[in-house]
Amino acid sequence: MAIALHKTLPPTNSLVVFEAAARHMNFTRAARELEVTQSAVSRQIQLLEDHLGIALFQRQSRGLVLTRDGERLHRAVAMGLEHIANVAADLRRTRGPRELTVATSVTFASYWLMARIATFRAAHPEIELRLYASSPIYDLAAEGIDIAVRYGSGEWPGVEATRLFGDEIWPVCAPRYLDGRKAPQTVADLLDETLLHLSKFDRNWVTWDTFLASYGVEGEPHRRGLTYDNYMVLIQSALRGEGIALCGRRLAEDFLAHGDLVRPIAETLKSDRGFYLLRPREKQMSHAARQFHDWLLEEARQPA
């Protein structure tokens, strides 16, 4: 017959407090973490020591140290609580079949996905969609992400990656930028234009130096350009007619279709990177995730 755990386990609250105190080796820091008073921590440790009939800590000149029995209990408690925490986190991630969490970059969400997401919601009103538009999340399973979209080479650890579409890099500008001036005719002519630069870019980003060099154009622009540290701000600058920016074809297609941006020259740089649909490799895809996965692939196949 199984033994009732409540009859053999020490007080569970005392175990949680003990784990924090032993990890910090300081009652005050443990109290701060647990959002209780230092005296409350001391009382819980005393309660646990009385329950076990042993000393768990010794006070020395350099501070607290665990006794041998304390070290043994701490290993067991830390292992047990960590296991419980991991299982609980996994259970939280295993949400209802109608819940779906999707992560993308702010740029992709703003300039491509949001213009299309209404069609998915209309087709699947029963799915509760959570969209995280933020910096790249590197451990999808740990963060509870069902589907993610990232730009790169397609090689990321711990995920299954399906290519959504490749990318081509175009110079773009607002029609007002070209008002009253002769449009550039060649890539070399771009050196006479106001170029918009991105100062902080990852290894996937194509710079003006790269674009110009791909067409054999050398030298510095003849005009002082504008530099931004945010891609969305850079595109907003282009939309205001402040200069010419580099933009990926799939991110610019809606702006071009609506006439907000135009291509001052036809030349294109084909990128070896692309947009990929990611899912955690070790996690079975839910029905909602499969619905979104297949819908996004279908949307990506639509002509630009």
- Every residue from segment 259-304 that is touching a His at 6+ places or on another chain (Cβ under 9 Å) and assigned to a helix (DSSP H, G or I): Ala288, Gln291, Phe292, Trp295
- What residue, among those in segment 117-134 that are closer than 18 Å to Leu278 by Cβ and in contact (Cβ under 8 Å) with a residue 24 or more places away in the chain, is least open to solvent (accessible area, probe 1.4 Å)? Phe120
- Picking from Leu234, Leu256, Leu251, Leu246, which residue would you name as being touching a Lys or Arg at 6+ places or on another chain (Cβ under 8 Å) and either outside any loop (DSSP other than H, G, I, E, B) or basic (Lys, Arg) (or both)? Leu256
- Task: Just need a number here: residues in segment 282-291 that are under 22 Å from Phe120 (Cα atoms) and open to solvent by 10 Å² or more (accessible area, probe 1.4 Å).
- Result: 6
- Test Leu191 against the stated conditions and say whether it is in contact with a His (Cβ under 8 Å, 6 or more places away or on another chain) and open to solvent by less than 20 Å² (accessible area, probe 1.4 Å). yes
- Query: Does segment 143-162 contain at least one residue that is aliphatic (A, V, I, L, M) and either surrounded by fewer than 16 Cβ atoms within 10 Å (Cβ to Cβ) or over 20 Å from Gln284 (Cα atoms) (or both)?
  - Reply: no
- Can Leu226 be described as within 29 Å of Ala300 (Cβ to Cβ) and either of a type outside the set (D, E, K, R) or in contact with a His (Cβ under 7 Å, 6 or more places away or on another chain) (or both)? no
- Message: Filter segment 292-303 down to the residues that are within 26 Å of Pro157 (Cβ to Cβ) and either open to solvent by 80 Å² or more (accessible area, probe 1.4 Å) or out of contact with any helix residue (DSSP H, G or I) (no Cβ under 9 Å at 6 or more places or on another chain) (or both) and list them by number.
- Response: His293, Asp294, Leu297
- Taking segment 254-281 as the region of interest, how many residues are open to solvent by 20 Å² or more (accessible area, probe 1.4 Å) and touching a residue at least 12 places away in the same chain (Cβ under 8 Å)? 16
- Turns out the strands (runs of 3 or more DSSP E) fully within segment 7-126 with at least 1 residues that are on the phi > 0 side of the Ramachandran plot are 63-66
- Which members of segment 61-88 meet the condition of being polar (S, T, N, Q) and modelled with pLDDT of 85 or more? Thr67
- Query: If you take the residues in segment 196-226 that are open to solvent by less than 90 Å² (accessible area, probe 1.4 Å) and in contact with a Ser or Thr (Cβ under 7 Å, 6 or more places away or on another chain), which one is modelled with the highest pLDDT?
  - Reply: Leu196
- Kindly indicate whether Arg240 is touching a residue at least 60 places away in the same chain (Cβ under 8 Å), within 31 Å of the chain's Cα centre (by Cα) and either closer than 25 Å to Gln302 by Cα or open to solvent by less than 50 Å² (accessible area, probe 1.4 Å) (or both). no
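The values are calculated or read from the model by the stated rules, or taken from the named source; none is laboratory data. Being a predicted model, the structure only gives us computed values, none of them experimental. Quick reminder, even Gly has a Cβ in these numbers, built from the backbone with ideal geometry, and neighbours come from all protein chains shown. Heads up: the accessible areas ignore ligands, DNA and RNA and are worked out on the full protein's heavy atoms, side chains in. Shrake-Rupley method; radii C 1.70, N 1.55, O 1.52, S 1.80 Å.
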